[in-house]
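*Asks:* I have a structure I would like to understand better, so I am pasting it below and will then ask my questions one at a time.
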C-alpha cells in the first residue's frame, strides 16, 4: 500500500493522458452521423437551388462521397467514413457556393438590364417632353 507521501509529484499526469487518449479514440470511432446529415442537407439545398445547372460535377461528387461514407459505416471502416463524410460536405458546400454565385450574377445582370431599360424610358420621356414644350413656343 502506498501512502500519499510516497507518490511522486506528477505521477497521475501520464494516467490522465492515457485516459484522455482512450476517450478521444472512442469518440473518433463513432459513425460520422452529424457530418453525414449536414452533407445530405447541403446536397438537398444545393440541388433545390439549381446545382445541377451550375455545379454539376461538385454535386455529383458530394452524392458519390456521401454514398461511399454510408458504405464505409456499414463496413465498420469509421475512419474512412469520417474522411468521406467531410469530403462530401465540402463538395456540397462548394456546389452551394457556385450555385449562389450563379444566382447573384443572374440577379446582377437582371438589375443592370432594368437600369438600362429605365434609363432608356427616362430619355424617351424627357425627349417627348422637350418636343412638346419646344413645339408650343
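The values are calculated or read from the model by the stated rules, or taken from the named source; none is laboratory data. Remember, it's a predicted structure, so these values are computed and weren't measured experimentally. Neighbour counts run over all protein chains shown; Cβ positions are idealised from the backbone, glycine included.
*Asks:* Take the conditions touching a helix residue (DSSP H, G or I) at 6+ places or on another chain (Cβ under 9 Å) and exposed (fewer than 11 other Cβ atoms within 10 Å of the Cβ) and apply them to residue 113. Does it pass?
*Replies:* So residue 113 does not fit the description; no.
*Asks:* Please enumerate the residues belonging to segment 92-110 that are farther than 17 Å from residue 60 by Cβ and surrounded by 13 or more Cβ atoms within 10 Å (Cβ to Cβ).
*Replies:* First, pick out the residues of segment 92-110 that are farther than 17 Å from residue 60 by Cβ: 100-101, 103-110.
100, 103 - these are the residues of segment 92-110 that are farther than 17 Å from residue 60 by Cβ and surrounded by 13 or more Cβ atoms within 10 Å (Cβ to Cβ).
*Asks:* Among the residues that make up segment 36-50, is at least one of them in contact with a helix residue (DSSP H, G or I) (Cβ under 8 Å, 6 or more places away or on another chain) and at pLDDT below 55?
*Replies:* The initial filter retains those residues of segment 36-50 that are in contact with a helix residue (DSSP H, G or I) (Cβ under 8 Å, 6 or more places away or on another chain), namely 36, 38-40, 42-43, 45-47, 49-50.
In the following step, the residues that additionally are at pLDDT below 55 were identified as none.
Within segment 36-50, none of the residues are in contact with a helix residue (DSSP H, G or I) (Cβ under 8 Å, 6 or more places away or on another chain) and at pLDDT below 55.
*Asks:* Right, next: Please determine whether any residue of segment 37-52 is free of Cβ contacts under 8 Å to residues at least 24 places away in the same chain and farther than 22 Å from residue 102 by Cβ.
*Replies:* So far as segment 37-52 goes, yes, one or more of its residues are free of Cβ contacts under 8 Å to residues at least 24 places away in the same chain and farther than 22 Å from residue 102 by Cβ.
*Asks:* Only one of 61, 66, 23 is surrounded by 10 or more Cβ atoms within 10 Å (Cβ to Cβ), in a helix (DSSP H, G or I) and modelled with pLDDT under 60. Can you tell me which? Don't jump to the end; show me each part of the working.
*Replies:* Numbers: 61 fails: modelled with pLDDT under 60; 66 fails: modelled with pLDDT under 60.
Among 61, 66, 23, only 23 is surrounded by 10 or more Cβ atoms within 10 Å (Cβ to Cβ), in a helix (DSSP H, G or I) and modelled with pLDDT under 60.
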